[in-house]
Amino acid sequence: MELTPVHQHLAQTFQQMKIQEHVILKDYTTFKIGGPARFFCIVKNEDDLIEAFNFSKKNKIKMFVIGGGSNLLIADAGYDGMVIKMDISGKKYIEEGDFVKVTAGAGENWDKLVEETVEKGLYGLENLSNIPGTVGATPVQNIGAYGSEAKDVIESVYVLDIIKDEYKTLTNVECDFDYRDSFFKKNPQRYIIISVTFKLNKKGKLNFNYKDIQEALSAKKIKNPNLKQMREIIIDIRNRKLPNLKTYGTAGSFFKNVIVSSIKAKELLDKYPEMIVHAVNNKKTKIPLAWILDHVCGFRGVKKGNVGTYQNQALVLINYGNANAKEIIDLAQKMVDKVYEETGIEIEPEVEYLE
Ligand SMILES: Cc1cc2nc3c(=O)[nH]c(=O)nc-3n(C[C@H](O)[C@H](O)[C@H](O)COP(=O)(O)OP(=O)(O)OC[C@H]3O[C@@H](n4cnc5c(N)ncnc54)[C@H](O)[C@@H]3O)c2cc1C
């Protein structure tokens with residue numbers, strides 16, 4: 001077939017910018033679910049990013065940035081816009097007295113960075129070991145695990161503001177971090193994160209207060225773990241609790257933990273005295289949603305058709321094979337309804353739905 005001049009021009013543009021069309025997205029997610037992106041492009045440097053951005057702007061195409069796709073559920077119908085797969089790499093270490101500032105490209109693998117910093121004897125990222133995904137996504141939901149959060153070590157975030165069409169460096173305070181929340185989450189898809197700078201400590205202190213870590217340490221008869229042992233322990237715990245991504249499709253915890261008023265927490269504790277809650281402050285209490293899903297709602301290890309919850313952790317929804325997004329959403333909705341019916345708590349997804 002002969003190409004018209006317009007198609008020739010578009011084909012040339014696509015070739016130059018490596019923009020692909022109708023790319024199936026499920027292969028770019030850990031859930032292994034999702035239809036096609038109308039346009040798709042892998043961005044390896046700032047020039048690629050600007051080209052993709054200009055192309056989308058000129059053609060009035062909406063954009064969505066993905067990293068490792070480990071916190072996403074993508075609709076069966078896919079996404080009628082431009083999906084930018086962030087793949088900007090690079091790492092830079094700058095020493096400042098007892099601290100080292102590490103700047104990493106948004107497309108760098110998160111756990112590889114954690115591993116490297118631990119190898120270098122730098123404290124700060126060890127409790128966030130073995131979380132899937134990219135560096136660029138860590139500020140978005142302020143990733144957290146085992147008593148640490150990304151916000152504790154993020155110094156600044158370098159972004160492209162797609163509304164003002166300018167580069168910016170946001171300080172930690174400007175990122176407005178909160179529990180699984182940030183300025184980026186409150187302003188979705190406005191800022192494309194290009195790199196993140198972490199401030200790590202050469203003489204830091206380990207945080208092993210978390211119950212699971214304490215148990216693992218006493219099982220191994222370790223009193224004062226070193227940095228490498230700490231990372232190994234976290235990896236062991238996570239491997240026991242969470243599904244292997246090579247075996248199952250999942251995006252980890254599907255729902256956020258719940259923070260309720262202390263009055264509500266007391267009401268629940270009267271009903272379920274064996275539930276272990278954590279006071280956030282004297283007005284708010286964190287409720288363990290996994291415990292409620294398991295002990296109150298009986299959702300641990302359920303399986304229906306292609307979908308279910310993980311046998312070791314009811315918060316984790318699983319694609320057992322060829323599940324589609326609708327099946328996951330139907331199961332999630334059942335869980336939302338049941339938790340509300342039993343406890344009066346409205347739970348919210350942590351995983352983002354892209355449609
Ligand atoms: C088995 C498993 C365990 C997990 N455990 C944890 C855990 O312990 N703690 C935790 O917090 N999370 C956990 N997660 C969730 C997930 O790994 C994190 O949220 C991770 O940071 C997502 O990274 P990603 O690169 O895959 O982001 P994606 O899923 O691709 O994207 C997530 C969000 O970030 C945005 N985003 C990504 N990159 C950029 C960028 N460069 N610029 C702007 N926006 C961007 C996307 O638009 C989207 O809104 C787990 C997931 C799995 C599958």
Could you count how many Lys pairs in the range 107-189 have their Cα atoms under 30 Å apart, skipping same-chain pairs fewer than 8 positions apart? 15
Using packing as a proxy for protection, rank 104-117, 158-171 so that the peptide with the highest average count of other Cβ atoms within 10 Å comes first. 104-117, 158-171
GNM on the chain, Cα springs under 10 Å; top mean-square fluctuation among ASN226, ASN142, ASN312 goes to ASN226
Considering only C-alpha atoms, what is the centroid distance from the range 204-253 to the range 288-355, in Å? 24 Å
Note on the chain, DSSP bridge orientation, antiparallel percent to nearest 5 equals 80 percent
Could you please state how large a percent of the accessible area of the range 40-194 is carbon and sulfur, counting protein chains only and using a 1.4 Å probe? 48 percent
Please list, in chain and number order, the residues 5+ apart from LEU73 or on another chain whose amide H is under 5 Å from its amide H, with Hs placed from the backbone. GLU352, TYR353, LEU354
Please label the shape of the chain as rounded, prolate or oblate, based on the square roots a ≥ b ≥ c of the eigenvalues of the alpha-carbon gyration tensor (a/c under 1.5 means rounded; beyond that, a/b larger than b/c means prolate, else oblate). oblate
Could you give the nm distance between label points at ALA77 and SER262, where each point is 7 Å from its Cα heading toward the beta carbon? 4.8 nm
Net +/- balance of residues flanking PHE183 in space, Cβ distance below 12 Å, scoring K and R +1, D and E -1: 0
Using eta = 0.890 mPa s and T = 25 °C, Stokes-Einstein with Kirkwood Rh from Cα pairs puts D for the range 87-152, in µm² s⁻¹, at 203 µm²/s
For a test of the definition: using alpha carbon positions, the gyration tensor, and the 1.5 limit on a/c, classify the range 298-355 as rounded, prolate or oblate. oblate
Scoring the chain by relative contact order with C-alpha pairs under 8 Å, at least six apart, yields a percentage of 16 percent
Would you list, by chain and number, the lysines whose Cα falls below 24 Å from the Cα of LYS334, excluding same-chain residues fewer than 8 positions away? LYS26, LYS32, LYS241, LYS256, LYS264, LYS271, LYS286, LYS303, LYS304, LYS326
Return, for the Cα atoms of the range 91-205, the radius of gyration and Dmax in Å, separated by a comma. 13.4, 41
The range 243-354, accessible area per residue, ligands and nucleic acids excluded (1.4 Å, Å²): 53 Å²
Sequence gap at least 6, Cα distance under 8 Å: using those rules, report the relative contact order of the range 235-333 to the nearest whole percent. 28 percent
Residue-normalised 222 nm signal for the chain, counting each DSSP H run of n ≥ 4 as -39,500 (n - 2.57), nearest 500 deg cm²/dmol, is -8000 deg cm²/dmol
What does the charge count near ASP212 come to, summing +1 for each Lys or Arg and -1 for each Asp or Glu among other residues with Cβ under 13 Å from its Cβ? +3
Relative to a virtual label point 7 Å from the Cα of ARG190 in the Cα→beta-carbon direction, which members of the range 36-62 show backbone nitrogen distances below 18 Å? 62
Tell me, in nm to one decimal, what length is gained between LYS101 and ASP176 on full extension, where the rule is 0.36 nm per residue of separation less the Cα-Cα distance? 25.0 nm
Given an 8 Å cut-off on Cα distances and at least 6 residues of separation, report the relative contact order of the range 91-205 as a percent. 34 percent
Top mean-square fluctuation among TYR210, TYR320, TYR79, Gaussian network model of the chain, C-alpha springs under 10 Å? TYR210
If the reach is capped at under 20 angstrom between alpha carbons, list the aspartates and glutamates near LYS91, excluding any in the same chain fewer than eight residues apart. GLU46, ASP47, ASP48, GLU108, ASP111, GLU115, GLU116, GLU119, GLU126, ASP152, GLU155
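The values are calculated or read from the model by the stated rules, or taken from the named source; none is laboratory data. In this text the structure is predicted, and so the values were computed from the model without any measurement. When we count neighbours, we look across all protein chains shown, and the Cβ atoms used for this are built from the backbone with ideal geometry, even at glycine. Side chains included, ligands, DNA and RNA excluded: accessible areas come from the protein's heavy atoms. Shrake-Rupley method; radii C 1.70, N 1.55, O 1.52, S 1.80 Å.
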